[in-house]
Amino acid sequence: MQRSVEICTDVTGRTGGGEGFHYLRWRSKVELTLDCFICERTARTTLLEVGAERAVCGGSRGGAASHYTAARISAFDVTSGADQLALRTVVSFWWAPFTDAASGHRAAAPTLHPWVRLHLGYDCPQEGGASGSFGIRTNMERPVSEPCAHCSRPVATSTRTPTIRLLD
């Protein structure tokens, strides 16, 4: 059956304009834990890209190779204000019940302990627009600030954990 999850988050930081502020943007890559019915393993890190028709399951921790899986980003909505950048993304994926042979856990949609990593990019005004990137995850202690790799000034701060909500 097809399922969908909505992921929402925001960060504070300047999204552009003004002297000394970094141009901040969401990158089109999302990492999300899903239970994979193809390799029949639970809690697999799945890599999704905006526009891709399928995702990549990270495979097994025991060394099994990554493989394609039936998941995609079906919505990627960005809202920006003077000092806030928000993201709402929807991930659609196919799911079927199974029992993980290695752990004995039953599959769930979404996985029992959903985790997400969202990626941001920025341009540093001090270094002629040199680019940098970083990610925020659900399992980070908040608040967390990310410094610029070029000038060490703060780029963005995450004060709330990203939410993951099953839509259907």
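The values are calculated or read from the model by the stated rules, or taken from the named source; none is laboratory data. Remember, predicted model here, so these are calculated numbers, not experimental data. With ideal geometry, Cβ positions are generated from the backbone for all residues, glycine too; neighbour counts draw on all protein chains shown. Surface accessibility is based on the protein's heavy atoms, side chains included, excluding ligands, DNA and RNA. Shrake-Rupley method; radii C 1.70, N 1.55, O 1.52, S 1.80 Å.
Over the stretch 85-163, Cα pairs under 8 Å with separation of 6+ residues give a relative contact order of 19 percent.
The stretch 116-135 and the stretch 27-47 have Cα centres spaced 25 Å apart.
The region of the chain that goes longest without hitting one of the GluC sites (Glu not before Pro) in a DSSP loop, each with at most 16 other Cβ atoms within 10 Å, is 54-126.
Heavy-atom accessible surface of the chain, averaged per residue, reaches 51 Å², computed with a 1.4 Å probe. Between the labelled values (i) 29, 16, 14; (ii) 37, 17, 11; (iii) 33, 15, 14, the entry that holds semi-axes √(5λ) of the Cα gyration tensor in Å as derived from this structure is (iii). Tally up the carbon and sulfur contribution to the accessible surface of the chain as a whole percent, 1.4 Å probe, everything protein left in place. Accessible surface attributable to carbon and sulfur in the chain totals 48 percent.
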